[in-house]
Amino acid sequence: MIYRLPTLAYKYDALEPYIDAKTMELHHSRHHAGYIDNLNLLLKDLDRLAGKNLEEILADIAMLPEDIRQGVRNNAGGHLCHSLFWHILGPPRNTEPSEPFLAAIESAFGGFARFKEMFEDQATHRFGSGWAWLCLDSKGQLETLSTPNQDWPMMLGYRPVLGLDLWEHAYYLKYQDRRADYIAAWWNVVDWQSVSSLYTHLAEATVGAKHR
Ligand code: MN3
C-alpha cells in the first residue's frame, strides 16, 4: 500500500488570519508530505502488512521489525494526526456543534466552556512537541488528553474527534513563542460540523462494538 498526501478541502490561505497561508503550505506540503514519504520507505518491503490499516499496525507495533518500530510510530502517527487535523479545520465561519455532540460534551465536562478550558489546559501543559486531543474512550465517554511527538491516541485506546497540533512548525512563523495565542486563535478555525459528524460516527461505532 502506498500512502498519499490528502488534498485539503480549502486553500492554504483559507484559515487566515488565525493560521497563515505560509504556515499551512509548509505544514501540509512539506511536513505532512515528509511523514508520508518516510512511511512509504519504511514499509516498502513489508508485504505481510498488506490489508492492514495504519491503525491496526500502530495498535500492534511489536509485530514490526524492531529497527523500524519507532520510525513507523512517528511517521504513521504523523500521517494520521495530520489527516485528522486538516479534516476538522475550515475557514472561520462560526459553525456550531450538533445537538448530540453538545449534549455529550455537557455530560462529560459540565458545559462547553469548561470543555474548552480543559482542552486548553492539556494543550498548555504539553511540554515540547505533541498534540492535545478530545477523544472517545472505549466506553464512548469523551475525554481530553495529550500525547507527545506524533503519537496517535488509538495507541492508548482512544478515538480522537478533535486534535490540536502543538509542534512549533504549526505556529512559529506567525506566533513565535506565543503558543497560548495560537491555541486561543485556533478555536476560530475549528469546523464544528466536521467534528460533530466524526463524533456521531465514532460514537455509533463504539456502541455497535459493545453490542456485538
Ligand atoms: Mn504538524
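Inside segment 80-95, residues that are at pLDDT 95 or above and away from the ligand (no atom under 16 Å from the Cβ) make up a count of 3. Filtered by the rule that a residue be in contact (Cβ under 8 Å) with a residue 60 or more places away in the chain and closer than 21 Å to SER129 by Cα, segment 7-42 gives TYR18, ILE19, ASP20, LYS22, THR23, LEU26, HIS27, HIS31, TYR35.
Taking segment 140-169 as the range and being part of a loop (DSSP other than H, G, I, E, B), under 13 Å from GLY130 (Cβ atoms) and more than 11 Å from the ligand (Cβ to nearest atom) as the test, the residues that pass are ASP151, TRP152. Quick check on segment 78-98. Is at least one of its residues in a loop (DSSP other than H, G, I, E, B), farther than 20 Å from VAL189 by Cα and open to solvent by 20 Å² or more (accessible area, probe 1.4 Å)? No, because not a single residue in segment 78-98 is in a loop (DSSP other than H, G, I, E, B), farther than 20 Å from VAL189 by Cα and open to solvent by 20 Å² or more (accessible area, probe 1.4 Å). So which residues in segment 129-154 are modelled with pLDDT under 95 and surrounded by fewer than 16 Cβ atoms within 10 Å (Cβ to Cβ), if there are any at all? Listed by number, the residues that qualify are SER138, LYS139. Residues that are within 23 Å of LEU58 (Cα to Cα), in a helix (DSSP H, G or I) and without any contact (Cβ under 8 Å) to a residue 40 or more places away in the chain are absent from segment 173-196 altogether.
The values are calculated or read from the model by the stated rules, or taken from the named source; none is laboratory data. It should be emphasised that the depicted structure is a prediction, and the values quoted were computed from it without experimental measurement. All Cβ positions, glycine included, derive from the backbone under ideal geometry; neighbour counts span all protein chains shown. Surface areas here come from the heavy atoms of the whole protein model, side chains and all, with no ligands, DNA or RNA. Shrake-Rupley method; radii C 1.70, N 1.55, O 1.52, S 1.80 Å.
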